[in-house]
1. How much of the calculated P(r) for the range 242-284 lies past 17 Å, in percent of all Cα pairs?
2. Tell me, what is the FRET efficiency for Val378 and Lys689 to the nearest 0.05, using R0 = 51 angstrom and their Cβ-Cβ distance as r?
3. Using θ = phi - 60° and the Karplus relation 6.51 cos²θ - 1.76 cosθ + 1.60, list the HN-Hα couplings for the range 596-604 in order, rounded to whole Hz, with x at every Gly or Pro.
4. Using all C-alpha to C-alpha distances in the range 295-409, build P(r) with 5 Å bins and read off the rounded percent in each one.
5. Write down the Å³ per residue value for the convex hull defined by the alpha carbon atoms of the range 6-367.
6. Once you have the Cα-Cα distance between Arg37 and Arg260, take 0.36 nm times their residue separation minus that, and quote the gain in nm to one decimal.
7. Give, rounded to the nearest 20 debye, the magnitude of the charge dipole that the range 601-735 has about its Cα centre when Lys and Arg contribute +1 at Cβ and Asp and Glu contribute -1 at Cβ.
8. Number of Lys-Lys pairs in the range 387-598 under 16 Å by Cα, sequence gap 8 or more or different chains?
Amino acid sequence: MTAIPFAITARHKGFNRAEIVDQNFTEFVQLWQGEVRRAPHDDEAVLPGSALDARGFRELFESQLISRHLDLMARVLRVQNKVFYTIGSSGHEGNAMVARLTRHTDPAFLHYRSGGFMAERFRKLPGMDPVMDSALSFAASKDDPASGGRHKVWGSKPLWVLPQTSTIASHLPKALGTAVAIDHARRIGHTLPIPDDSIAICSFGDASSNHATAQTAFNAAGWTAYQKLPAPVLFVCEDNGIGISVKTPTGWVARNYQARADLDYFFADGLDLAEGYAQVQRAVEHCRRTRRPTFLHLKTTRVMGHAGTDFEIEWRSIEELVAVESTDPLLRSAAIALESGLYSKDDLLNLYEATRKRCFAAADEADRRPKLERLDDVMAPLAPYSPAKVKAEAERADYGDKRLAVFGGEAKLPENQPPRHLAIQIGQALHDIMAKYPESLLFGEDVAQKGGVYTVTKGLHKTFKNTRVFNTLLDETIILGLAQGYANMGMLPIPEIQYLAYFHNAGDQIRGEASSLQFFSNDQYRNPMVMRIASLGYQRGFGGHFHNDNSITALRDIPGLVVGCPSRGDDAAMMLRTLTALARVDGRVCAFLEPIALYMTKDLYEAGDGQWQFAYPAPGEAMTLGEGRVYHEDADDLVVFTFGNGVPMALRAARTIEAELKWKVRVVDLRWLVPLNDAFIAAQAKSAKRIVVLDEGRKSAGVGEGVITAIVEAGFGATPLRRVVGADTFTPLAGAAFLVLPGEADVVAAARTLA
C-alpha cells in the first residue's frame, strides 16, 4: 500500500476533521509520485495478481466516491438544517466489494455505514440513482423511496435491502432467520420471492459483535449448521477497531471468531480493493455453495468520527487521528487508480469534484421536495387495516377437503364435537389454520412431539410433520428472529413464546424490528406473524413471577402491534382466524395472549357445571378486530370492563353483587387489548350507572388506564368508577400470589364502595 505523506495530515490541526479528510485526498493525488503501469483493458487485472479487473475497479471506486461525498455533503448541510443524519460510511467504503460480489436478490440487512455497499448495489438494476435516493433520505423527504421520510435508512424494495434504523446487532437474528427460511421453503413446497440459491447478507461493526443479540445469532447459526441444516447467511463484521469511543482490543475479532465451530471464518482487507476483492469473493462463494453460516471479517477504518456531533479531537490525540486518517481506503484506491494507469491525476481530481457536485446538486433538489407535514401521513404505514378484506379472508372456508384430511373425516371435525375448554379449542383452531395456509409454520420450545407445556399444540406435529411444526433451541430472540425471516420469505410464521415473562428476553425483536419494518419501509416490506404467548396469572400449584407474568404494558407500548386475549375457546378460535387474516392481508405483527389459568377451565360457578366450555365455531365464523363480548347486555346498574382471567371472575362476582345489592351487572370482555376499541368502550359506558375496571395488570401499568381514558374522553368521567387491579410487585410463589392479583372479593368490595 502506498504510504501517505505524514506532512499532509500532520499540519492539519483544526477541529473539522471532515475538511481535513477531504483535503487529504486532493493533496495525496497531487503529491503522488509512484510508477505508472500500462492501463489494463476492462477485463484485465487492475494490478498484477489482483482478482479485480479494471472495469470492476472503476465502478467500485466510483461507488466509494459517491459514498464519501454523501458523507461530506451531510456534514456541510446538517448545520443548514437541510440534512438530518451524519453517521457516515467513511472508512468503510470497501463494503462495496460485498455488494458487487453478491446479487441484488440476496436479502441484505445492513450496518449504518453501508454507503459504499448501497452505491454499488444500485448498479444491479438500470435506471436507479443512488445519489438522489440517498439525498432524499438524508433530507427526510416524503419522496424518499426507502422510508418515505420517516428515517435515514439504507433500504430499497427492488434491491432487496430491508431497512434498518440504528442497528446494534438487533438485525442479526432476523438475517439468520431469513437464511434459514430460504432453504426451508423447498421442504414445504413454498415458492420463494427470490432465487432458491440466494444468501442473506448481514453487516455490523466490531463493537456490535459483542452484543448479546449478536452472540445469540452466531450461536443459533452454529447450532443449525451442526445439525447439517442449511443456513446461508454471510455475517460481515466491518472491523474499524472502535465503537463510538470504546476501542476494540487489537486482534479480538479474529481471536473470537477465527476458530469458532460451525461458523466459517474468512478475512478480507476492506481498505484495499485490489487485495481484498479475491478475499471477499472466496467468502461469498463459500456461503452460496456450502449453504453454511459464514463470518467475513472485513478490515475497515473510521475517519471523520462516529457522526457529525463526534468531535474526536476532544478525546483523541492529534497523532492518533493522523494515524487513522492515513489508512483512509480512498487514498489506497487513488494510488491503485494512478499506478494502474487507468486515471491521470487530473482525471482523478476531476472525477472527485464532479462527484461532489453531483451529491450537492441532489441535496439541493431533495431539500425542495415535500416533507411529512401531517400526522396521518407519518402513521399511514404503521398499522394498515383493510376491514373488508380481513373479514373476507378470516371467513374464507374454501379448504374443506384439507380440513377433512387433517381432522380425519366429517364426524371428527371440531364443530361436530361437544363443547370443549380453551386449550382444546386453540389446538383445533391451529389445526384449522395450518390446513388453510400451507405456508404456515408453528415453532418454539417444546411445541412438537410434546405438544407444548400445556398440550395446546398436541397432535399438530403428528399431522403436519417436522417441516411445519418443529422445536427450536431455547432462545426467544432466535424464535422471533426466525419468525421475521420466514415472514420475509412469504411464509406465515406462528411462533410460540412459552411464557409472557420469557417474551421480555426478546422484546426488541418485536418492538425494534418486526413492528417497525412497515413504518420504516413505508409499507414496502412486511413481516406478518401471529406470536402466541402463554400468559397472565392465577396458576395454582405452579408459578411464581416467571410463570404468572401480568406485564401486558410491555406489549401495549409497541406501535403497530395487534394484541388479542381470549377468555374462552370459541372466542380464541375466531380471534386466531382474524389474526392470521390481519397478518396475511395487511402484513400485521400480532400477539395472542393465552391465559394459562383458563387453558383447562371447564366450570364457571360450581364444580362440574361445564359452563366454561363452548362449541367450536364453524370455519366461516370470525371476529372483527376490536369487537368485544357483552354478558347481560341490558344490565346497567354496574358495568365491569375486563379481559382474560377477569371475565369468569367478574361473572362470578356479579352473582354475589346481584344477590347482595340487587343490582343488574353487565360484564364486558374487551378481548382486544391493542388497539383498544375506544368507541366500543364508550358505548358500553354510556348507559352505566357505575363502572368497575377489572385489570389483572399492575396498578401503575396495565390495561385499565386505557379503558378509563376512553371513558373519560367520551364524556362519561362523572360516572362513579373504581379500578380493581394487581399490585405493583412481582408475583410470588404459592398462595401468596393471590395477595398480589385481584380476586372476586375485590370486585365485590369495589361494588360495595360504589354503593
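1. Values: 443 of 903 pairs.
In whole percent, the share of Cα-Cα pairs in the range 242-284 beyond 17 Å is 49.
2. Details: r = 41 Å, r/R0 = 0.80.
About 0.80, to the nearest 0.05.
3. Result, rounded to whole Hz: 4, 5, 9, 3, 9, 5, 10, 10, 10.
4. 2, 7, 7, 8, 10, 11, 10, 7, 6, 6, 5, 6, 7, 5, 3, 1, 0
5. 135 Å³
6. Extending this stretch completely gives an extra 76.1 nm.
7. Here the range 601-735 has a charge dipole of around 300 debye.
8. Lysine pairs meeting the criterion: 10.
Just so you know, all these numbers are worked out from the coordinates, no wet-lab data involved. It should be emphasised that the depicted structure is a prediction, and the values quoted were computed from it without experimental measurement. Please note: Cβ atoms are built from the backbone with ideal geometry, for glycine as well, and neighbour counts cover all protein chains shown.
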